[in-house]
Amino acid sequence: SEVKKQLQDTKVVNIQTRRVKKWTGARVAAAIAVCVLATSTIAYAGTKLYHMFLEKQGAYSIVTGIKADGSTGKINLPEKIHDIDISAGYIPEELHLEYPEHDRTGGFSFASVLLDEDDLSKVMQDKNVVDCEERTFGNYEGVYLKYNDLAEDGSFNQRIYLLCPDVYRVITVYIGDDISKEDAIKVVENLVITENDTMIET
């Protein structure tokens, strides 16, 4: 429910028209279901060409987007791609693993979305941001955001957008207020993203 709430608060803005569009639950669910991988040549080129950036708009609003070096403005997707698995190479000592039926919140939650062909012309807009940083997480570029949060109640008050062009995805990491920024960064720096045998049409 917290992820659903956060997704409803997230906007996608077309840079050219400046119209704001919501990422609906259906669109995000469909995008999460579509997991991707390109050929090795495209994957290598994608890693080198695509970059993530952030810009401040006012005191507490941030826009995050993807730019490409020498691109035509389109992302060329293969017809079929592999699904991926995400595993943690580092887990903070104080983080307790819970079974799904527990109602405890906090910790980490992961989601991934497919890079659409026209994503280079759009930005994500996040409001109520009190801390932001553009940085490299292991092999990937990304953006760290922290949102204003008055109560330590296990809510996801931190987020990392991780650009993974070799698998044609942006991975969103939702981070609870029980995790320090340092541990959040260390977890994402040590994520292991691997291809599996499931093929999906883009």
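In order along the range 174-191, the Karplus-derived 3J(HN,Hα) couplings, from 6.51 cos²θ - 1.76 cosθ + 1.60 at θ = phi - 60°, round to 8, 10, x, 6, 8, 10, 6, 4, 4, 5, 4, 5, 5, 4, 5, 4, 10, 5 Hz, and Gly and Pro are given as x. Summary of packing: across the peptides 106-113, 78-85, the per-residue average of other C-beta atoms within 10 Å ranks them, highest first, as 106-113, 78-85. Close amide H pairs (under 5 Å, H built 1.01 Å from N) link I179 with G107, residues at least 5 positions away or on another chain. Here the simple spin-label model places points 7 Å from the Cα toward Cβ, and for K181 and N196 these points are separated by 3.4 nm. Whole-Hz Karplus values for the range 136-143 come out as 9, 10, x, 8, 10, 8, x, 9 Hz, taken residue by residue from phi with 6.51 cos²θ - 1.76 cosθ + 1.60 and θ = phi - 60°; glycine and proline positions read x. Stretching K127 away from E55 to a fully extended chain increases their span by 24.7 nm, per 0.36 nm per residue minus the current alpha-carbon distance.
Got a sec? Which residues in the range 119-162 would a label at D69 touch, if it sits 7 Å along Cα→Cβ and we count backbone N under 14 Å? Only 141 fall inside the zone, counting backbone N under 14 Å.
Taken together, the values in this text are just the output of simple stated rules run on the coordinates, not laboratory data. All values reported here derive from a predicted model rather than from experimental measurement. Heads up, the Cβs are rebuilt from the backbone with ideal geometry, glycines too, and the neighbour counts pull from every protein chain shown.
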